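The values are calculated or read from the model by the stated rules, or taken from the named source; none is laboratory data. All of these numbers come straight from a predicted model, not from anything done at the bench.
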Amino acid sequence: MPTYEYRCLDCRKRAAIYQSYADYGRLPVACPHCGGARLERRIGRVRVARSEESRLDTLSDPSDWGDVDENDPRSMARAMRRMGDEMGEDLPEEFDEVVDRLESGEDPEAIEKSMPDLGSAPGGDDLDLE
Ligand SMILES: [Zn+2]
């Protein structure tokens, strides 16, 4: 049975709670320290990694970009900069490099090939520790 990490909003203590996948999100959980029901799910590093991955997925789908000319690397670079501004901080390290290379007119497919980490997480499902 997987363990879910919570933090109690009443006593501020951390609690690891065993729950089956079926029960998670459906059955109420109670703090083992004080019995309080206001538990906040702690988001671990695994989740963060996954959300970055999905951001990269978004970036690599030009159909979401609207008025972008897929065949014009500079147009793509502009769109990526715009998206980067909208998303704010925490952009993946590769982001700037990709945009720079697009702006210099490099073929997007060549960039993708030279950066195997882009779009697919190394190890894939191994990230799922739950
Ligand atoms: Zn508590």
query: Which of (1) part of a helix (DSSP H, G or I); (2) at pLDDT below 85 is the odd one out, the single condition Asp67 does not satisfy?
result: (1)
field: Hits in the range 72-120 (condition: modelled with pLDDT of 80 or more and outside any helix (DSSP H, G or I))
entry: Asp72, Ser104, Gly105, Glu106, Asp107
